[in-house]
Each structure stands twice: as C-alpha cells, then as structure tokens.
Amino acid sequence: MIDRQTVERIKDAANIVDVVSEFVTLKKAGANYKGLCPFHDEKTPSFIVSPARGTCHCFGCGKGGNPISFIMEHEQMTYPEALRWLAKKYNIEIQERELSNEEKEQQSQRESMFIVNEWACKYFEDLLHNDVDGVAIGMQYLRSRGFRDDVIRKFQIGYDSDNRYQLATKAKEKGYKEEFLEKTGICYKTDRGELIDRFAGRVIFPWIGVSGKVVGFSARVLDQRTKGVNQKYVNSPDSEIYHKANELYGIWQAKRAIAKENRVYMVEGQADVISLYQSGIENVVANSGTALSLHQIHMLHRFTGNITLLYDGDAAGIHAAMRGTDMLLSEGMNLKVLLIPDGKDPDELARTMSAEQLKSFLEENAVDFMQFKTDLMLKGVTDPQKRSEAVASIVNSISLIPNAILRDTYLHLCAEKSGVKEENLISAMNRMIRERKERGTVQPANTIEAGAAAQNVTPAAHPPMQGASPIAQASAVEQMLIQMILKHGEKIIFRDVEDNEGNKINLSLAQYVQYNLGADNLKFTNSLYNDILQEAVDMQEKEKDFKAEPYFLHHHNIKISQIAIRMTEEKFHLSGSQQMSEDEETIRRNVEHLLLDFRKDFVDERLKQLKIEINSCGSDMERMLKLMQEFKDMQDIRNALAHALGNNVIV
C-alpha cells in the first residue's frame, strides 16, 4: 500500500496542465487551457484544463478528471498504477508498506494540529473585530496602514491580547490539548511549566496553505512598540504541518488570479501582498524574506509559468531579486524583475497609485531577468578578471534554462552586451552543462523530454469501464440536489431548524438534505449520490475547515471525483451575468424547492406503480380497496406538494 503522506505528496506535485500536456497539445484560453479531446474524435477543441481547480473536462464526451483520474482513463491504469506513474514523473520515491501504529498516530496528530490552528485563527479574528483592545489597538494599527476592512477579513488577519495566559486558558476550556498548542507553536512552556502565548500583544497574519488550511502564523509588534525591538515579527516554529520554506504567504487568496492572469508577482512581506491585493493586483504572494525553495517554485508552477520579482530598488532589494533565480530558470519559469525606484517598497507604491496606474506601471517596467542580470553585472565593470567572472555567472544562469531556443536567444543577447564571441559563450555553456551531468545535478527535463519518457510507460491491460455515466442514471432533480451539496454542502444556511426533540439547531446544506430525506426514509436512486451526501456530513463533523467542492474534486474514489468535476464545471465557463446568484437566501430556497420536487417525483412514480397494481388485482377486492386508498392518499400528498411548489419558484 502507498502510505497517505506519499499520496498527498503526489497529489500536491501533480500539475494538471503539465500532466495533460504529455498527451494533448494545449493552448491558453483565458484562465484555462483548451485542446482536442484525447478520448473522442473532434475537430473543434472542447477539452478544457483548469489550473486553478486542478481538473480537466471535455464538454463533448464528458470525460476528464483530476491528474490521477486523467492518467487512469487515458492510460487504462488502476488507481495505484496511476499514482506510481505520477510519482515517477515527479521523482517521488514510493515505499509501499503497511502503516505502523506510530505512523497512524502521527497522521492523527497532524489533523489535530490543523484543527487547533483553525480555532486559533478564528480566536485572533474575533479579538480583532469584537474585543475592546482588538478594535482600539489592532484594528487602529491596520487601518493606519491603509488596509480596508474587507481585505482584513479576506486575509483573516487577527489580534492577540497582551495577556500571555488568556489564549491557553480559552483553548483548554474549549477542550483543546496542551500538547497540540505546543506542537503548533502557538504556545510554549516556561521553565516553571507555565503555558505561555507566543504571539501576545501583536497583530496576527495567518499563513494559509494552498489547500486552504491554516498552517502557521506571523505576528507583528505594533508600530508604537517597535523602537528598540529586535524582532518585529514572531513566526510559528517549524512543525509537522508548517515549514516556512514550503509556504508562500497569500497563495490561498491568489491562486485563482494567478491562473487567470497567467503570472505571479513575488514580493518580500505580508504588508506588500495585502497592499497590492487591495489595489487590484490579486496575483501576488510573498516568500517573507527567505530564499525561494524548489517546493515553492513547484507550487507556483501549478498555476503559471510566469513570475515577476517585485522588490525595493536598494541593495537589499537587488540581493533579494538575485536569490533563487537560477532555480526558477532551471524549473522552466519565465522570469522578470521589477525594482521599485525612489526608495519605495511595493506597499508604498500600491498606496500612491490608482489600480489602473499600478497595473500599467508593473506591465511597463518589468524587465526580462537575463537582460536585468546582464545590465546589472556588466554595468561599469572594466576590470578584465571581474568582467570575465560576471559573464561566466550570466552564462551559468543561461545554461540552466531547459528551453534550447530561449538559451540561444539569451546567449546572443549576452554576446552583444559583453562583446564576447557567441561561439565562446556556447562552448562555455556546453561545458557547464556537461559538468553538471557528471556531478549528477542536471536541470529538470523539458516537456519534450518528459513526453518521451512517458512513452516508456507500459499501460496495464485493463479494459475500459463499461456502463452508463452515474449521472445519467439519476433524475434531473437528484442531479441538481447533489450539485448543490458539492458546491455548498458545508455552508450553514438552515438556521433554527427544530429537531425531533423540539430543540433549535443550525444545519449545513448537506446536513439539512440528509435530515429532510431521512425523515421519510427517502434516498437517491444513485448509490454514489448517497455516498457523497453521507461523506459530506461525516467530513463536516470531523474537520472544521471542510470545503465540499475541493474535497470531492480530488476524492480518492475516481467515480466520485468525476461526478464532482462534471457537476461543478459549468460555473467556470459562464460570464458573471449568466451565473446563478449564490447568496445564502437563494441557496436555501433552491434546496427547499428541490426537496419538494424530489418528493413529488417519488409520489408520481408511486402513483404510476399503484395504477399498474390496481389493474392487476382481478377479483381480489380487499387488495384493490387497500391499493385505492393508498392511491387517494398519494394523490392528496401530490396535490399538497404541487401547491407548495407553486409558491416556491426558483430564482
């Protein structure tokens, strides 16, 4: 068996555009990609790949899926075989074995840490918006930085009380264990054994991972207290769920905009991200002063191949711009640099320009990295030895680029700028590539090489899945109900519902559907729909941050993930005016209407069956009278449902 952590690593690494491109020629189409479907013959492309969702779907034949299900369908592989194929592609080692009790316990601990972080995030937010000190001190600071309330909410910014014991006390009152308060780094113990809040008296910036889970926190001391403070920011320590080198601040809020714009702006700090986001540049993330890691680059490459480094124009900014650039180039990223002049930083720039001015400034002033590096390293350098070293550094960066045509273009540029013959630069570059091969540090293969490697994979001889699509076996009403569960299942939209004991309770959409149908022992005709409903309810009880749509899009059961992809696909291809309103009241009324429709369909079907049974009674008058009474009762129910439906029109 492939252990869960390895499966998650494979899922995180698998880029849907990268995987599909092995078999389909894709062209950019807005935020998505389009190509000819590999599953049926067509002349007009109808196969859509969505980087933001991590899925593909053909609007002609209906096939598609996430990276795993796409490989299963295209290569006729089983689920484990598709995982192994992707692991090989992304150089992920698989050790297949049964998980030990210790490893199972470790997985449970990771989940507990996420739950504690989620609670702490909401605790900090609540203090910022509802506590006297939070509003007077924390909110005042954020507003002094020019941050709007809606953006503060968007980034889930919070405030932590000066009382260093308060958080731990509140957490324990809620039933959270000291063990996980320590393991997440939210608290630590003193020599006297006291549990102390690490972030007390600071503004809190949660780090939200690409999957939407809170992985850690950065806490900033307020401006009036920064004098004499050595450390303005206190960060969560490394833990089972948080490694600073693996995370990017703002990635959760930015990922869709990155895919849509096909570019990401990289800045240094949280304030820069928030200011730019507020000014309309939503495709922005920060690595918060650390050098870019391979993990961070792979994360970004899932959404775009274009990155612009946006830093201060001083020496520190230039140094930051140069860090990690060779790694970006070797991973095939198209790299630009923009250094902000006049001693400003991205935060200040965003606050002094309108949204349109800022967008134009970024587009017009970003410089291709190789041109930037060439100008930077050769400008004013006349000493032959130093000039030779500068040229060697430039050529080394060029040698890391996987695209041979792009390498040639940059070598030609370098030859013009440096005055060194192009053939000498080519010779030096080839030597560098050869030396890396000998050391075993060759840059990653480009798309063509990866595609060739894929041809060596021998698909297992598994017959294609037979039978009608699960969706085709269910009524239109069932499909719409399950679509609502997949899109909004976790949302609390039914309030003060009275249970069997007369208690008032709040229910999520999924819980309400299960509660409503269960009252009459009704079920969906499609068993997979019943599984989705039950799992949505179960997962909401297990995970506080459960979101139905991303969970089911990448479900381990391929049939369920395919249903989710089909059911949620259309909203990514409708204009804003065409999309159905999805406010809480509209969703609630639509679900109530669909549940009435579901019951009416059930009653109509039963009436048809009763007519057949009545006609087949013959001389059995007792049975006929019993069936006729049921028929009358069913007619009364149908009339009542029809009346109710007449008063509840879907908006």
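Values computed for the structure shown
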quantity: Selection from G324, L595, L300, by position along the positive dipole direction of the chain (Cβ); calculated: G324
quantity: Whole-angstrom gap from segment 591-616 to segment 102-144, using each part's C-alpha centre; calculated: 49
quantity: Accessible heavy-atom area order of V116, V132, highest first, probe of 1.4 Å; calculated: V132, V116
quantity: Pair Q609, S393: separation of 7 Å Cα→Cβ label points (nm); calculated: 7.9
quantity: Two-site label geometry, Q140 and K523: point separation in nm, points 7 Å out along Cα→Cβ; calculated: 6.1
quantity: Lys, Arg +1 and Asp, Glu -1 on Cβ, resulting dipole of segment 40-87 about Cα centre, debye, nearest 20; calculated: 160
quantity: Extended-chain gain in nm, criterion 0.36 nm per residue less alpha-carbon gap, C61 and D620; calculated: 196.1 nm
quantity: Whole-number accessible area per residue in Å² for the chain, which is evaluated in the context of all protein chains at 1.4 Å; calculated: 49
quantity: Dipole moment magnitude, nearest 20 debye, the chain about Cα centre, only Lys, Arg, Asp, Glu C-beta charged; calculated: 1120
quantity: Full-stretch length increase - E423, A316 - with 0.36 nm per residue and alpha-carbon distance subtracted; calculated: 35.0 nm
quantity: Packing rank of 328-336, 408-416, where each peptide gets the mean count of other beta carbons within 10 Å, highest leading; calculated: 328-336, 408-416
quantity: Separation between Cα centres of segment 476-535 and segment 227-293, rounded to whole Å; calculated: 38
quantity: Given K154/K174; K122/K189; K28/K437; K11/K359, the pairs whose alpha carbons are separated by over 30 Å; calculated: K28/K437; K11/K359
quantity: At R0 = 45 Å, FRET efficiency that the Cβ-Cβ distance of R192 and H295 yields, to 0.05; calculated: 0.70
quantity: Dipole in debye (nearest 20) - segment 184-294, about Cα centre, beta carbon charges: Lys, Arg +1; Asp, Glu -1; calculated: 140
quantity: Computed FRET value (nearest 0.05) for Y165 with E501, which takes r as the C-beta separation and R₀ as 41 Å; calculated: 0.60
quantity: Over the chain: helical MRE at 222 nm, DSSP H runs n ≥ 4 each giving -39500 (n - 2.57), nearest 500; calculated: -15500 deg cm²/dmol
quantity: Partners for K523 among aspartates and glutamates (Cα-Cα distance below 20 Å; same-chain residues under 8 apart left out); calculated: E478, E490, D499, D531, E535, D538, E592, D597, D601, D604, E605
quantity: Charge dipole of the chain about the Cα centre (unit charges at C-beta), most positive-ward option of Q278, L425, A171; calculated: L425
quantity: Segment D383-I405, extension gain: residue separation times 0.36 nm, minus the distance between their alpha carbons; calculated: 4.8 nm
quantity: Protection proxy ranking of 609-620, 136-147 - average other beta-carbon atoms within 10 Å, highest first; calculated: 136-147, 609-620
quantity: Antiparallel content of DSSP bridges confined to the chain, in %, to 5; calculated: 70
quantity: Ranked packing of 84-93, 185-194, most packed first, by mean Cβ within 10 Å; calculated: 84-93, 185-194
quantity: For segment 223-382, average projected area of the Cα convex hull in nm²; calculated: 11.2
quantity: Separation of the D149 and E102 label points, Cα + 7 Å toward Cβ, nm; calculated: 5.3
quantity: D601-E541 FRET efficiency (beta carbon distance; Förster radius 30 Å; 0.05 resolution); calculated: 0.55
quantity: Apportionment of accessible area to carbon and sulfur, segment 478-539, percent (1.4 Å); calculated: 41
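The values are calculated or read from the model by the stated rules, or taken from the named source; none is laboratory data. Values in this document were obtained by computation on a predicted structure and should not be read as measured data. Note that each Cβ is placed from the backbone with ideal geometry, even for glycine, and that neighbours are counted across all protein chains shown. All accessible areas refer to the heavy atoms of the entire protein, side chains included, with ligands and DNA or RNA removed. Shrake-Rupley method; radii C 1.70, N 1.55, O 1.52, S 1.80 Å.
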